[in-house]
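A.B. asks: Sharing a structure, written as structure tokens. Questions coming.
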Amino acid sequence: MISMLASLVNIPVFAANGDETQTNETQVDGTSGVPLGGFGTGGVKFNAHRGTFAALTKAPADAYDYSSLDAKFQLYTNRNDDVETVDTMRSVVTDGRSDDDAIWPMHYANMGSTNDVQVNLKAFSPFDSENSDNMSMPYAFFEMTLENTGSEAADASCAFQLTTGDTPTYVEGKGFNGSNWAIYADSDAQDAVVTVGNDSGFNSTGELNNSISGRTNKVAVKVNLDPGETTAVKFVLAWYDNSEPDWHYYLNFADNPGYFAQMGLDNFDLLKANAEELVTNMRNSNLPDWFVNQIQNTLVNISNNSMYKKDGRVAYSEGEWTCFGTMDQMWLARQIITQLNPFFTWRELEYWSRTQRNDGQIHHDFNTPVEDKAARAELVAWND
């Protein structure tokens, strides 16, 4: 199994209707998004063909637990004083099919061309086989690649808008930070301008006034593109949920989401390279289609099903996906996680070795019954 996984690099992607007669060239049609989030942190999903977001900030994040997150991407372009904007960016839909492609830990989407500025999205979940902390923080990553396909220079600005539970704080040159949510941004372009606010300036200039009021704000990154030039705009969406004091490992690190947004910016390129390498290796596999597809689908549970408590306990929820049972323990916890990041396997085994169920079973079912959703992530203590 280890040698097989190590060689995984053109996984077939099946249509959303489950048609297994599709060829390797067939692309996923309009998925609800890849669960993006660190190990044991919950997650965020971007529905590209609708331009909408959903989130769950307590792990584990199962199939039907995500709720709507009031957020969207926006675009400003200006070519020779011809301004064109997009209020809610969505993936291109051709002949009824959405041009996006979801495979954990990556979500690719063609966000279309506006004023001869082509935008492509790479969203990804943190993956790091060498640094478990990088992989265990509450953040999701979004890179917008902007290409000027016209014959003259153009200005372009991408904005990430979010409604938060409180009025966040402006963070100069980066974004905003609130009690539960933060967005920080950066760009590969040296002359990029990062602004923050909720004023109308974005639609007229691509910039904001760096004054925050109210709960709905956006972070914008403006760049100038020469003809044929391409550059990347980077956003890190981070969250913080301490409603249960022992719920998440990341609570050991900070008391606000801005800390994790900055950590995400610092490790953005590394984590993107790790995620893309994993997807590339999977899709270069010559294993049978059904087998590679099963592995691909199982990997989402690294974000969805994982539990990583503040005191270091690691376990997995059984979940609500139709193929679950102890199968997720076998494929995910025992084999795939052991290969991808053995730290989490050792930490789970340590929990197992020190814990026994009250009926005498020494096994993985240390959480309360999955029917009790509110208590699903309650684990018994160390040495119980």
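A.B. asks: Can you name the residue in the range 339-352 that is under 15 Å from Leu278 (Cβ atoms) and open to solvent by 10 Å² or more (accessible area, probe 1.4 Å) and, of all such residues, is nearest to the chain's Cα centre (by Cα)?
C.D. replies: Let us first name the residues in the range 339-352 that are under 15 Å from Leu278 (Cβ atoms), namely 339-341.
When the remaining residues are screened for being open to solvent by 10 Å² or more (accessible area, probe 1.4 Å), the result is 339-340.
Details: Gln339: 21, Leu340: 18 Å.
Looking at the filtered set, the residue picked out is Leu340.
A.B. asks: A further question follows. Search the range 201-225 for residues that are over 22 Å from Asp166 (Cα atoms) and pair each with any residue that is outside any strand (DSSP E or B) and open to solvent by 60 Å² or more (accessible area, probe 1.4 Å) when their beta-carbon atoms are under 6 Å apart and the residues are at least 6 apart or on different chains.
C.D. replies: Final answer for the pair search is Gly201/Glu207; Gly201/Asn209; Lys222/Glu207.
A.B. asks: Hey, another quick one. Please tell me if Asn131 is over 14 Å from the mean Cα position of the chain (by Cα), in a loop (DSSP other than H, G, I, E, B) and at pLDDT 95 or above.
C.D. replies: Values: over 14 Å from the mean Cα position of the chain (by Cα): yes; in a loop (DSSP other than H, G, I, E, B): yes; at pLDDT 95 or above: yes.
Criteria met by Asn131.
A.B. asks: Hey, another quick one. Considering every residue within the range 79-90, establish whether at least one is under 17 Å from Ala185 (Cβ atoms), touching a strand residue (DSSP E or B) at 6+ places or on another chain (Cβ under 7 Å) and either open to solvent by 10 Å² or more (accessible area, probe 1.4 Å) or outside any strand (DSSP E or B) (or both). If you could, list the steps in order and put the result at the bottom.
C.D. replies: First, the residues of the range 79-90 that are under 17 Å from Ala185 (Cβ atoms): 89.
Applying the additional criterion that residues be touching a strand residue (DSSP E or B) at 6+ places or on another chain (Cβ under 7 Å) yields 89.
Filter once more, so that each one left must be either open to solvent by 10 Å² or more (accessible area, probe 1.4 Å) or outside any strand (DSSP E or B) (or both): 89.
Looking for residues that are under 17 Å from Ala185 (Cβ atoms), touching a strand residue (DSSP E or B) at 6+ places or on another chain (Cβ under 7 Å) and either open to solvent by 10 Å² or more (accessible area, probe 1.4 Å) or outside any strand (DSSP E or B) (or both), one finds at least one in the range 79-90, hence yes.
A.B. asks: Now for a different question. Taking the condition of being in a strand (DSSP E or B), open to solvent by 60 Å² or more (accessible area, probe 1.4 Å) and either small (Gly, Ala, Ser) or touching a Lys or Arg at 6+ places or on another chain (Cβ under 8 Å) (or both), how many residues in the range 222-255 meet it?
C.D. replies: 0
A.B. asks: Turning to a different aspect of this structure: Looking at the range 136-154 only, could you name the residues that are touching a Lys or Arg at 6+ places or on another chain (Cβ under 8 Å) and open to solvent by 40 Å² or more (accessible area, probe 1.4 Å)?
C.D. replies: Glu152, Ala153
A.B. asks: Another question, if that's okay. Kindly check whether there is at least one residue in the range 65-78 that is under 24 Å from Val300 (Cβ atoms) and buried (at least 22 other Cβ atoms within 10 Å of the Cβ).
C.D. replies: The answer is yes; a qualifying residue exists.
A.B. asks: From Leu332, Leu299, Leu379, which residue is among the hydrophobic types (A, V, I, L, M, F, W, C), open to solvent by less than 10 Å² (accessible area, probe 1.4 Å) and at pLDDT below 80? Show your work before the answer.
C.D. replies: Values: Leu299 fails: at pLDDT below 80; Leu379 fails: open to solvent by less than 10 Å² (accessible area, probe 1.4 Å).
Going through Leu332, Leu299, Leu379 in turn, the sole match is Leu332.
A.B. asks: Any residue in the range 276-295 that's modelled with pLDDT of 85 or more: show its pairings with residues that are among the hydroxyl-bearing types (Ser, Thr, Tyr) at Cβ separation under 8 Å, as long as the two are six or more apart or on different chains.
C.D. replies: Every condition considered, the pairs that remain are Asn281/Ser7; Ser285/Ser7.
A.B. asks: While we're on this one: Residues Thr195, Thr167: which one is farther than 15 Å from Val221 by Cα and modelled with pLDDT of 95 or more? Spell out the reasoning first.
C.D. replies: Details: Thr195 fails: farther than 15 Å from Val221 by Cα.
So the residue among Thr195, Thr167 that is farther than 15 Å from Val221 by Cα and modelled with pLDDT of 95 or more is Thr167.
A.B. asks: Any residue at all in the range 55-75 that's of a type in the set (A, V, I, L, M), in contact with a Leu (Cβ under 8 Å, 6 or more places away or on another chain) and not in a strand (DSSP E or B)? Quick ask: steps written out before the conclusion?
C.D. replies: In the first step, residues of the range 55-75 are kept if they are of a type in the set (A, V, I, L, M); the result is 55-56, 59, 61, 63, 69, 71, 75.
Adding the requirement that they be in contact with a Leu (Cβ under 8 Å, 6 or more places away or on another chain) leaves 55, 69, 71.
Of the ones still in play, those that are also not in a strand (DSSP E or B) are none.
Checking the range 55-75: not a single residue is of a type in the set (A, V, I, L, M), in contact with a Leu (Cβ under 8 Å, 6 or more places away or on another chain) and not in a strand (DSSP E or B).
A.B. asks: Then there's this: Quick one: is Phe53 surrounded by fewer than 24 Cβ atoms within 10 Å (Cβ to Cβ) and of a type in the set (Phe, Trp, Tyr)? So that I can check it myself, show each step before the final result.
C.D. replies: On the way: surrounded by fewer than 24 Cβ atoms within 10 Å (Cβ to Cβ): yes; of a type in the set (Phe, Trp, Tyr): yes.
So Phe53 passes the test.
The values are calculated or read from the model by the stated rules, or taken from the named source; none is laboratory data. Nothing here was measured: the structure is a model prediction, and the numbers come from that model. Don't worry about glycine lacking a Cβ; one is built from the backbone with ideal geometry, like all the others, and counts go over all protein chains shown. Note: areas computed on protein heavy atoms with side chains; ligands, DNA, RNA excluded. Shrake-Rupley method; radii C 1.70, N 1.55, O 1.52, S 1.80 Å.
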